[in-house]
1. Quickly rank B:178-185, A:8-15, A:188-195, B:207-214 as a protection proxy: mean count of other C-beta atoms within 10 Å, highest first.
2. When a/c is below 1.5 the answer is rounded, else prolate if a/b is larger than b/c, else oblate, so apply that to region B:28-222 with a ≥ b ≥ c taken from the square roots of the Cα gyration tensor eigenvalues.
3. Kirkwood Rh, region B:219-259, all Cα pairs: how many Å?
4. What is the sum of charges around A:T160, taking Lys and Arg as +1, Asp and Glu as -1, for the other residues whose C-beta is under 12 Å from the C-beta of A:T160?
5. Among A:K243, B:K115, A:K119, B:K37, which comes first, then next, by fewest other beta-carbon atoms within 10 Å?
6. Tally Lys/Arg at +1 and Asp/Glu at -1 over every other residue whose Cβ is under 13 Å from the Cβ of B:H227; what's the total?
7. Could you work out [θ]222 nm for chain A from helices alone, using -39500 (n - 2.57) per DSSP H run of at least four and dividing by all its residues? Round to the nearest 500 deg cm²/dmol.
8. Where does helix A:150-161 land angle-wise versus the long Cα axis of chain A, in degrees 0 to 90, nearest 10?
Amino acid sequence: MSDQEYNPKSKFGKWFNDRLPLLTLANHLTDYPTPKNLNYWWTFGGILTFCLITQIVTGLVLAMHYIAHADMAFDSVEHIMRDVNYGWLIRYIHANGASMFFLAVYIHIFRSLFYGSYKAPREIIWIIGIVIYLLMMAAAFMGYVLPWGQMSFWGATVITNLFSAIPLVGEGIVTWLWGGYSVDNPTLTRFFTLHYLIPFLILGLVVLHIWALHVPGNNNPIGIDIRKPSKDTVPFHPYIVIKDGFALLMFMIVFAFFVFYTPNILGHADNYIEADPLVTPAHIVPEWYLLPFYAILRSVPDKLLGVVAMLSAIFILAALPWLDTSKIRSAVFRPLYRQFYWILVADVLILGYVGAMPAEGLYLLIARVATAYYFLHFLVILPVLGFKEKTLPIPLSITEPIMSGSPNLATAKNKESSNI
Amino acid sequence: MKNFYTILFLLSLIFGFQLNTNAAEKVEYLKTDWSFKGLFGKFDRSALQRGYQVYTEVCSSCHSMKYLSYRNLAEKGGPEFTESQAKAIAASFEVKDGPNEDGDMFTRPGKLSDKFVMPYENVKAAQAANGGAYPPDMSVLVKARGGGVDYIYSLLQGYEDPPVGITLDEGVYYNKYMYGNKIKMANQLSDGLVEYADGTNATVEQMSKDVTTFLMWAAEPHLESRHQMGFKAIVYLIILTILVYFSMKRIWSRIETKV
């Protein structure tokens, strides 16, 4: 992994490192050459690691007090909120932590889209990231079921029922998932088991994600390949560590505000009503972070095709490194892509918005147009753009446009400052 | 940057449109100043004590509060009855206990550790006594309703004669804040219904406010310590952020790159 040999100074260190090169690894991590022009959009990797660890630690404590049984789950959550020491704090951190996690992951993904971080040679990092994102959605969905409120129960019913759209075996699969003929206690216990398992799978994939990142090194705002280490890079420690730490603290202030002052604003009021299989809520809506996909699902009149469209919307991202035919990574030097990028951002926000509204009338029409555009962006616009777009000249190195009197200087500097 | 603003503008148009359509459908809830809102929000002790009185004398004949115990009434951040008061309150209820050594169930006066006594044995009994409608448990009621405290406060004062053209079935009442306007709970509050121990004039508005405050505490018993801890945590984070910011500037000043 490391480019240069590392020799521990102490005798014991050398003895240990020869047998298990942990010190070499630590040295690699601290010295890791990082582009020095990374902006704050690059701090979300660290923030996401923090989110994952927070969820695992608070989740462990919650699991000590939670009872995964249809008759007791809701009561045990109230027990945590009232009688467990600081149980309310742990639970609110965990519940809002899920939203913060998704907020950070969406910023992380859209940063990647803007700066073309998914392009060669970083395709594997990107695909591992998509798998992590999928697992996050699964974990979040199952976690939302655990309090066994009305939205938990009916959300679980709606989402598991999607599998019934599969021809021939669909109904059988749904029965198998439920462990019975409706969402009930067996469903709850298996969801709890999986909700406990998935974060550790994510943790393993995060290690791979970072490992794969450390092979080519970070992409950067101007998206060029850089020599490392060179005057274009800084060692990860202390430069990036302190910068990530600063960004993390800013993020934690927002996080704390939600936890302490509006802990229930991101949840649905109906989830404080205990699950009742005989009473269906007026509107069944998923958590905010799943709304764009919910909108895509509902915009297709056919159930099976709706499910296919929803899943394609996620899996299409995995093919992105090959759908985007442009050789230039950063949108800074792609004037047309930059326009389409912002349209896509707006499109996804609109999808999220109509996902929360009833699927009828104008909302349904907007959802259909936005869904069509989403696929158009990835399947038509991106591939064509790579061939048609006239890109701006790119600088040779990070320092070059600033240090020397290069002809690219003015363009590169202007473009960089005019973005975000 | 320009694109970013364009998108912000488009989004604000959409959201603005949405707010307008919502306003046309929804009724505005009645507003009052809640002492527990805001960064330093705290419960008004006497409002909580009065609210408890309204709950026991009026609501508790149909609505349970199964997650509350009598000891909660004496805990910090709640109504803060003295321990002897809370013991007396608990003892005024008959609690079913058992089985004893002979295998029989028996009743005894309530203790601090007992949960609030439920008005009905079970949901079915509650439904049977209330024309098929189950009076919901009120422990987390304010968190289980979209409008929260404002909704409950308004609902209690929202009874009026149905508009012309709307006929109501037996046992159904008209309430302008209820979803669909039809509610199976009759108007419960009338001026002077309870006689407050502290001499406060028991108007419908006063009782609604007191009992809603009590319900807010019941749903969020740790609200006060949450607000206190939140303020400390955020101040601490802000100071730390500033310190880290200057450390960062200092470290990055070693190389000629802005951070």
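Where a number appears in this text, it was derived from the coordinates with a stated rule and is not lab data. Note that the structure is a prediction, hence the values are computed from the model and not measured. Glycine gets a Cβ as well: all are built from the backbone with ideal geometry, and neighbour counts include every protein chain shown.
1. Per-residue Cβ counts within 10 Å, averaged per peptide and sorted highest first, yield B:207-214, A:188-195, B:178-185, A:8-15.
2. Numbers: a/c = 2.05, a/b = 1.26, b/c = 1.63.
It is oblate, given that a/c is not under 1.5 and a/b is not larger than b/c.
3. Every distinct Cα pair counted, the radius reaches 12.5 Å.
4. Local charge sum for A:T160: -1.
5. By the 10 Å Cβ count, ascending, the order reads B:K37, B:K115, A:K119, A:K243.
6. Net local charge, B:H227 excluded: +2.
7. That comes out to -20000 deg cm²/dmol.
8. 80
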